[in-house]
Structures are given as structure tokens and as C-alpha cells.
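Asks: Below you'll find the structure I mean.
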Amino acid sequence: MISNYPFPKFAVLLAAYNGAKFINQQISSILSQENIDLHIYVSIDESIDDTEICIQKLIDLDPRITLLPTGERYGGAAKNFYRLIRDVDLSSYDFISFSDQDDVWFPQKLSRAYAVLSQGNIDAYSSNVIAFWPDGHRSFVKKSYPQVKWDFLFEAAGPGCTYVISKPLILDFQQFIRGKWNEVQNIGLHDWFIYAFARANSYKWIIDETPGMLYRQHENNEVGVNKGIKAIQYRAHKIFSGWAFSQSLLIADLVGFKRGLSGHFHLESSRFSYFKLAFFSTQCRRRLRDRFFFVFSCLIMCAVAGKSK
């Protein structure tokens, strides 16, 4: 799996949109990665700021950056990342990594991931992060709770910007999305979907306790850290509107799990399904707090489904 080069080869896929304010700092931190060989591929969702000008200037300074053809409107980070995965030739790289446009990577982020992945038959990596805000506040964000049987159908493995994916897995996923392109566009979180695809297809994933980056938080974050009243309200809306469970259904269908969770029951949008799902919370979410919220969400959806009949 590993190349014969002195250092492992990484393709970093960066999705950008109106990112001129922070993208120079982000790319600088990527190009400063230690003990790896990398190339950055940038896809810009049609923007109204100077993002493209910033990238062109950086390309003039460093040949390790490639800008994909511009002018398309994707309407979200997930679709932009799907475009990168579909269009970039990844066959010559040992690993790929995803990047947002506004974070700051520690110099050992990718080499740390490579070291962990090299310890055994591990196909994918993600990690905890350190969130930071404009006022200088920082907070450790833990995602490395033990994986459970069906967590991948209900949550991601952490922020997608921490993901490092091995060549066999990413080429498998690339082939999959090329063949299911229209269906994939309905999945709103690429990091959740890739994690689900990997786990459903028996790829081994590790979530590292060591944070590898500063995860910038600001008003334009598409998802961000689940902290504060606004963040909780946002996620509550996603759940109680039915969006989160509908995404679970779509993902389960695409990765081949919709017909049943290991024979226990069918995952479907019905009162009985939501009610029974509540009893399997320990197998559906990794974090204890999230399990309680999951049960509550299932019961709410059960009541909503009952009223709709």
C-alpha cells in the first residue's frame, strides 16, 4: 500500500467557498507538514470574494497546489468534496486527506496519522481537534469515544478535516460515487457518508485521541462544534425536522444496510422503527450524552410519525 518514495504521498483535497479571509493561513499550514510528500487539490464553489485570486497567487509560489476548473455552483461543502473525489486522479497517492479552508494544521498532523495507520491493518484515520474562536478561546473537542456497532449510520467519525483515507478505501469510494453520482448528491455530510461507507464495507477505522489541528469556529461555519445554545438549536432542528433520520435512511440504503441492522429490524421511517431504535442507542451513538439525546429523538420521531397517520 505504501509507495517507494522517501515519504508517503498524500493528496489533500480542499473545498473552498468565499474563503479569502483565512485560506492563505490554512494552505500555509498544510504545505508546512513534516516528513510527508503532498499535493493540494482545490475546488472552489463559485464565490464572490477573492478566493480564486488567492489560490492563483499561491500556485505561482508553490507547484504543490492545483486548482480544478472553476465556475460551478455546488451549494455546499459536501457536493464540493464529492466533486474533488470524483475528478482528481488519486491513483498515485498512498493516502488522501480532506481540508476545510479556514483551519490551522499542526506540522505533524499528517505524519502522525501515517504513523498510526502504519501500526496495523487500518484503512482510515480521524482524530480529536482543538476548536478555537476569534476571541482567542480554545476548547478540546473529543470524538475518540469507542466505536459501536451501528454508529456509522447515525454520526460521522469526527470533523472531515481530520480524515486520512488509505488508497484502497478512497479508490473504492471514488468508484462508488462515480457510479451513484445522482444519489450521492442527496447526502448532505460527506464526512458522515465516507465513514458509513468504510464501516459498512468492513474497512477498519481508528479515531485518534491526539488532536492534529486547530478547528476554526466562526459565524460562517457550515457545521462546526456542537457547543453553545445556537449550535444545540441547529442540531435539534436537524433532528426534530426529520432531516437527520432521513439522512440515516439514505445512507443505510446506499451502503446496503437499509434492509436491517444485523437482523434486528428494518431501518425505516415508521413509528415502530423509531420506537424500537430507541432501545439500541448504545449501538447507535458513541458518546453517553449523545445516547440519551438519541433515545429522546427516537421517541419524538415516534410521536411525530404517529400523528402523521
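Asks: Looking at (1) under 16 Å from Leu110 (Cβ atoms); (2) more than 19 Å from the chain's Cα centre (by Cα); (3) touching a residue at least 12 places away in the same chain (Cβ under 8 Å), find the lone condition where Ser28 falls short.
Replies: Of (1) under 16 Å from Leu110 (Cβ atoms); (2) more than 19 Å from the chain's Cα centre (by Cα); (3) touching a residue at least 12 places away in the same chain (Cβ under 8 Å), only one is false for Ser28: (3).
Asks: Return the residues of segment 118-150 that are crowded, with 20+ Cβ neighbours inside 10 Å and in a loop (DSSP other than H, G, I, E, B); say none if nothing qualifies.
Replies: Asp123, Asn128, Lys143, Trp150
Asks: Could I ask something else about it? Just name the residue that is nearest to the chain's Cα centre (by Cα) out of those in segment 175-196 that are surrounded by 21 or more Cβ atoms within 10 Å (Cβ to Cβ) and either assigned by TED's automatic domain parsing to the domain that holds Phe257 or of a type outside the set (A, V, I, L, M) (or both).
Replies: Out of the qualifying residues, it is Asp191.
Conditions tested, residue by residue: (1) in a strand (DSSP E or B); (2) of a type in the set (Asp, Glu); (3) touching a Leu at 6+ places or on another chain (Cβ under 7 Å).
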| site | (1), (2), (3) |
| --- | --- |
| Asn35 | no, no, no |
| Ser43 | yes, no, yes |
| Ile55 | no, no, yes |
| Leu58 | no, no, no |
| Gly75 | no, no, no |
| Lys79 | no, no, no |
| Ile96 | yes, no, yes |
| Val116 | no, no, no |
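The values are calculated or read from the model by the stated rules, or taken from the named source; none is laboratory data. Everything numeric here is computed off the predicted structure, so don't read it as measured data. Glycine gets a Cβ as well: all are built from the backbone with ideal geometry, and neighbour counts include every protein chain shown.
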